[in-house]
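Please read the structure below before turning to the comments.
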Amino acid sequence: MKKVVYFLFALMLVGFSACDSEPKFKVQGNVTGAEDKTLYFEASGLNGIVVLDSTKLNSNGSFSFTSKSPESPEFYRLRLDEKMVNFSVDSTETVQIQSEAGKFDTGYVIEGSENNKKIKELVLLQAALQQKVDQLAQNTSMPAGIMQDSLRSMVNNYKNNVKRNYIFKAPNTAYAYFALFQTLNGYMIFDPLADKEDVKCFAAVATSLNNTYPHADRSRNLYNMVIKGMKNTREPRQETIEIDPSIVKEAGLIDIELKDLKGNVRRLTDLKGKVVLLDFTMYNNTMSAAHNLALREVYDKYHAQGLEIYQISLDPDEHFWKTSADNLPWICVRDATGAYSKYVTLYNVSQLPAIFLINRANEFSARGEDVEDIEAAIRKLL
């Protein structure tokens, strides 16, 4: 019996020894002004955030965490309250982080790799962009159309800077990958599914990552995103489109039949007698909030006079669409085929958002890009 016990104890020692011999990385440092607060060490995986460890900080704020080294670059973060410090790890390095509680997510100093210094630069750039956007939103005296143009300019300038100095400059780095997934107001700044130029950014990083880490989950995931984005944004083939006569009503208007949030079929031609603003859009886009704000301003002004908005979402995620559209007062429908929607083809939609005006007689009046002042055009139709 003693021999069996000794044998099992020896196996346990071997197991513990094997675990201790696994290559590990370390993240350590201190956070001042955070006594008695809990600091969390978390992994930012493809399937979400996973808490790996935590510690209650003492008066000097020192901390130290260790974890198994990843086989390919992975992303982690320290979280204090609702503030985060993001960093990457690709070997057995030691990451040093110094910060203070009040500026935990922006005022930190990080040592250990060039990748993490660049990630901090990106974090600060994104924070500055978010601050500008928040200030813009607070300017209630600015017309919604001008606000939308200003937002678009801000985002495009940001994207051009990040493309040039981070993504295309070093697509084989962890910070280039990090840049792809930055968000603004909860939406991805770079669109991997609907923006042709953004897909090129994802493709550059995917190619580099796949060459170095072909079996990594992130490599495969990024590759799949690029393939889907390329399909969504490919140039349409020049071919004759057969239009079902049953969907063409009266003055050549192409009818649309899609389900709303409650599952009811809503037909565009049922709105005869109203002036209709037909809108093709995607809610999962950085421009969506400003676009809907502009629509809300017009809707509130003219709905009582006979204006209706028929908004078609091309979002691939049904739950996201329902959550985003839940509080909108106009007709919200969704085409699950997204970029492959027959209505996108029939209405010759080449970019989003795309607006069309329809008069009270159910007759097509104008495309948005051909109208200098949408609001004036609506007043004329009313």
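The values are calculated or read from the model by the stated rules, or taken from the named source; none is laboratory data. Keep in mind it's a predicted model, so treat the numbers as computed, not measured. A quick note on method: Cβ atoms are made from the backbone with ideal geometry, for glycine too, and the neighbour counts reach across all protein chains shown. Areas reflect the complete protein model, heavy atoms only, side chains present, ligands, DNA and RNA absent. Shrake-Rupley method; radii C 1.70, N 1.55, O 1.52, S 1.80 Å.
Numerical summary
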{"read-out": "Spherically averaged projected area of the chain from its Cα convex hull (nm²)", "value": "26.8"}
{"read-out": "Using alpha-carbon coordinates, inclination of helix 196-212 to the longest axis of the chain, degrees", "value": "20"}
{"read-out": "Accessible area per residue in Å² at 1.4 Å probe, computed on the chain", "value": "54"}
{"read-out": "Length gained when the stretch Asp270-Phe364 is fully extended (0.36 nm per residue, less Cα-Cα span)", "value": "32.4 nm"}
{"read-out": "Contact order normalised by residue count of the chain, Cα under 8 Å, 6+ apart, percent", "value": "10"}
{"read-out": "Proximal charge balance of Phe25 [Cβ under 13 Å; K/R count +1, D/E count -1]", "value": "-3"}
{"read-out": "Helix 288-302 vs. the chain, principal-axis angle (Cα, 0 to 90°, nearest 10)", "value": "30"}
{"read-out": "Normalised alpha carbon radius of gyration of segment 274-381 [divisor 2.2 N^0.38 Å]", "value": "1.02"}
{"read-out": "Table column - 3J(HN,Hα) (Hz), segment 34-50, Karplus curve with 6.51, -1.76, 1.60, x for Gly and Pro", "value": "10, 4, 6, 8, 9, 9, 9, 10, 10, 9, 9, x, 5, 9, x, 8, 10"}
{"read-out": "Electrostatic dipole magnitude of the chain [Cβ: Lys, Arg +1; Asp, Glu -1; Cα centre; debye, to 20]", "value": "580"}
{"read-out": "For segment 276-324, alpha-carbon Rg and Dmax in angstrom", "value": "11.6, 34"}
{"read-out": "Given charges at beta-carbon only (K, R positive; D, E negative), |dipole| of segment 97-147 in Debye", "value": "120"}
{"read-out": "GNM flexibility winner over the chain from Asn165, Asn284, Asn232 (Cα, springs under 10 Å)", "value": "Asn165"}
{"read-out": "Unit charges at the beta carbon, dipole of the chain: most positive-side option, Ser113, Tyr158, Gln135", "value": "Ser113"}
{"read-out": "Charge dipole (the chain, unit charges on Cβ, about Cα centre) - positive-most of Gly145, Leu277, Gly33", "value": "Gly33"}
{"read-out": "Carbon/sulfur fraction of accessible area - the chain, other protein chains in place, 1.4 Å, %", "value": "50"}
{"read-out": "Cross-link pairs Lys24/Lys169; Lys103/Lys169; Lys56/Lys120; Lys342/Lys380; Lys37/Lys103 - those with Cα-Cα distance over 22 Å", "value": "Lys24/Lys169; Lys103/Lys169; Lys56/Lys120; Lys342/Lys380"}
{"read-out": "Compactness of segment 258-300, expressed as Rg and Dmax over alpha-carbon positions, Å", "value": "12.4, 34"}
{"read-out": "Mean Cα-pair separation over length for segment 254-359, i.e. relative contact order, pairs under 8 Å, 6 or more apart, %", "value": "37"}
